Amino acid sequence: MKETENILANSLYLGIDIGGTHTVFAIVGPKGKILCRGGIRTTDYSVFFDFAKALRKSVEALAREAGINITCIEGIGVGAPCVNALTGVAEGAVDLPWPSPVPLAETLQNVFGIPVGAANDANAAAMGEMYYGACMDYDDFIMITLGTGVGSAIVADGNMILGKRALAGELGHSIVRYDSDRMCSCGRRGCLEMYCSARGVVLTARKMLEATKEDSSLRSIPSDTLSAKDICLAASAGDKIAMDTMRFTGEILGEACANFTAFSSPEAFVFFGGVARAFPYFKDAMIESYRRNLLWVYRDQVKFLQSDLPFDDAALLGAAAVGRRAALKTFCPTC
Ligand SMILES: [Zn+2]
C-alpha cells in the first residue's frame, strides 16, 4: 500500500477546473509542481462529449510542446459547480452550458482512458492541501474556505467524508446565532457564512461603523462599495474598527470550530480563500474563542493553519489531487 502511494506520489496528474465561461487545466508533477497549463472556452461546446474531445486535443498539444508523455498521467481530477463527488455527475449547474445532468467523470474517463475523480471546490481544495499543501502530515483535518461563501470539507482517517448524497461538509450553513438579523442565501438566519464570508465581514464592519463615531479609514469608502478586501487592508494598516471586525470574525469562527471538533476530532483546521488571507488578523481571537468554547477532552490537540497552496493555482492543484485520489482508488478500491 505504502509502495503504491509512493509510486503515485511521483506520477503525473491532470487537474481540470471547469468554469461557466472558461475551463483551465494543468499537468501536475510530484510535490504539486505545475509542468504545463492551458485552457479552452467552455461555452464553445454545446455537447459535453465534444468539449471532452477538444479538451483532450488541447492537453495532448500542450503536453507535446512541454515534452511530456501523456501516457504518464495516472489520473484526472475535475472540479466543477454542483458536481456530486460520489457519482461524478454535475446536477442543476446553471452556469454550465450543457443540459443537466452532465456525466463529467464517466465521459472524461471514456475520452482519456484513465481514472477520473470529481469534486466540488471545497473538497478539491482539501485534497490539494492533503497531497500538496499544509496538511501533508495530517489524516484528520477540516478545511474551511472563507470566500464569497463559507465552504468546508472534512477529512477523517485520510478519507473525505462525503455522506449519502455527497453533501457532507456544509458547515458554512451551521447556525451560529439563533437571534441573528443576518439572512443567509439558504433562507435561514444566523449561518456561519453570514459572519465569516466576505459578505459577513462587511456586515460586521458596517455594524461597527454605525455603532460608534470613532475615526476609521473605512469611513472614506461608500458603505455600499465597502469590501472584505478593504477591511483586511485597513486591519493590516492598524485601523481599529477593521481590526475589531476581524477579531469578531475570529471569535465566531473559533466558537464554530470548537463545535466542529466534537464531530470528527481533527488534528488541524486549515483555512483558504480571500478572507483567509487576513489569517494573522483573526487567528489570535479565533484560537482564544476556540479554547474557551472547547469540550475539555479535545484540548491541546488541534492546529490552526493557513493554506500554503499558491492562491491562483489552488483550484488546479486541488483537482490534480482529486485525480491522484482516483488513481489510488483503482489500485485499492477500499481506500
Ligand atoms: Zn445559510
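Are there any pairs with C-beta distances below 6 angstrom linking a residue in region 186-205 that is of a type in the set (Ser, Thr, Tyr) to a residue that is not in a helix (DSSP H, G or I), with the two at least 6 apart or on different chains, and if so which? If the second residue must be not in a helix (DSSP H, G or I), the pairs left are Ser197/Gly149; Ser197/Val150. If you go through region 40-86 and keep only what is in a strand (DSSP E or B), over 29 Å from Pro30 (Cβ atoms) and in contact with a Ser or Thr (Cβ under 9 Å, 6 or more places away or on another chain), you end up with just Arg41.
Counting only residues that are in contact with a Gly (Cβ under 8 Å, 6 or more places away or on another chain) and of a type outside the set (Ser, Thr, Tyr), region 81-100 holds 7 of them. Please indicate, with yes or no, whether at least one residue in region 139-162 is in contact (Cβ under 8 Å) with a residue 40 or more places away in the chain, in contact with an Asp or Glu (Cβ under 7 Å, 6 or more places away or on another chain), assigned by TED's automatic domain parsing to the domain that holds Ala285 and of a type in the set (Phe, Trp, Tyr). Scanning region 139-162, I find at least one residue that is in contact (Cβ under 8 Å) with a residue 40 or more places away in the chain, in contact with an Asp or Glu (Cβ under 7 Å, 6 or more places away or on another chain), assigned by TED's automatic domain parsing to the domain that holds Ala285 and of a type in the set (Phe, Trp, Tyr), so the answer is yes. Whether a residue is within 23 Å of the chain's Cα centre (by Cα) and assigned by TED's automatic domain parsing to the domain that holds Ala125 was assessed, and Ile40 passes this test.
For beta carbons closer than 6 Å, sequence separation of 6+ or different chains, a first residue in region 301-329 that is under 17 Å from Gly147 (Cβ atoms) and a second that is assigned to a loop (DSSP other than H, G, I, E, B) and not small (Gly, Ala, Ser), the qualifying pairs are Leu317/Leu309. Taking region 183-236 as the region of interest, the helices (runs of 4 or more DSSP H) fully inside it that hold 2 or more residues being under 19 Å from Phe272 (Cβ atoms) and within 16 Å of the ligand (Cβ to nearest atom) are 193-196, 198-211.
The values are calculated or read from the model by the stated rules, or taken from the named source; none is laboratory data. Everything quoted here is computed from the prediction, not taken from an experiment. Glycine gets a Cβ as well: all are built from the backbone with ideal geometry, and neighbour counts include every protein chain shown.
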